[in-house]
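Chemist: Below is a structure I'd like to ask you about.
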Amino acid sequence: RIHPDNQFERQGPNLFVNHSVDFWTLILGGETLVRDILGNHFSLTIPAKCQPGTLLRMKGRGLPQRHQAPPGDLLVRIQAHLPENIPQEIIESIEQNRFKYS
């Protein structure tokens, strides 16, 4: 029996998890640590220009299966969070360039 978990959603042997990164990482790319259902942490590469809602696959980090079948995957749904203290010069630069890149 597998008990429900408030962080992980199960679909067969695959698990889905939401993971927040700051918007700098979404724009520039980078590394983040993701926790699996057993509590282990693994490094995940976020590609540059990653959109919120993107699913990134961590192969073999889902649930184990019976009969020596390969384990499922952990699918990480990327979400964005804004830093609390954004410097005023960055806000002004964004305001000045708002319509150049939309």
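Chemist: State all residues of the range 56-83 that are within 16 Å of residue 25 (Cβ to Cβ) and without any contact (Cβ under 8 Å) to a residue 40 or more places away in the chain; if no residue qualifies, say none.
Modeler: The one that is within 16 Å of residue 25 (Cβ to Cβ) and without any contact (Cβ under 8 Å) to a residue 40 or more places away in the chain: 56.
Chemist: Go through the range 49-60 residue by residue and tally those that are loosely packed, with under 11 Cβ neighbours inside 10 Å and touching a Pro at 6+ places or on another chain (Cβ under 7 Å).
Modeler: 0
Chemist: Let me spell it out: the conditions are (1) among the aliphatic types (A, V, I, L, M); (2) open to solvent by 40 Å² or more (accessible area, probe 1.4 Å); (3) touching a His at 6+ places or on another chain (Cβ under 6 Å), and residue 76 meets all of them except one. Which number is the exception?
Modeler: For residue 76, the failing item is (2).
Chemist: Anything in the range 18-33 that is part of a strand (DSSP E or B) and more than 20 Å from residue 62 (Cβ to Cβ)? List them, or say none.
Modeler: The answer is 20, 21, 22, 30, 31.
Chemist: With 15, 63, 44 as the choices, which residue is hydrophobic (A, V, I, L, M, F, W, C), in a strand (DSSP E or B), over 25 Å from residue 84 (Cβ atoms) and open to solvent by less than 60 Å² (accessible area, probe 1.4 Å)?
Modeler: Unique residue meeting the criteria: 15.
Chemist: Please go through the range 81-101 and pick out each residue that is outside any loop (DSSP other than H, G, I, E, B) and either in contact with a Lys or Arg (Cβ under 8 Å, 6 or more places away or on another chain) or of a type in the set (Ser, Thr, Tyr) (or both).
Modeler: Passing the criteria: only 93.
The values are calculated or read from the model by the stated rules, or taken from the named source; none is laboratory data. Treat the numbers as computed from the prediction; the structure is a model and nothing was measured. For neighbour counting, all protein chains shown are included, and Cβ atoms are generated from backbone atoms with ideal geometry for every residue, glycine included. Just so you know, the surface numbers come from the protein's heavy atoms only, side chains and all, with ligands and any DNA or RNA stripped out. Shrake-Rupley method; radii C 1.70, N 1.55, O 1.52, S 1.80 Å.
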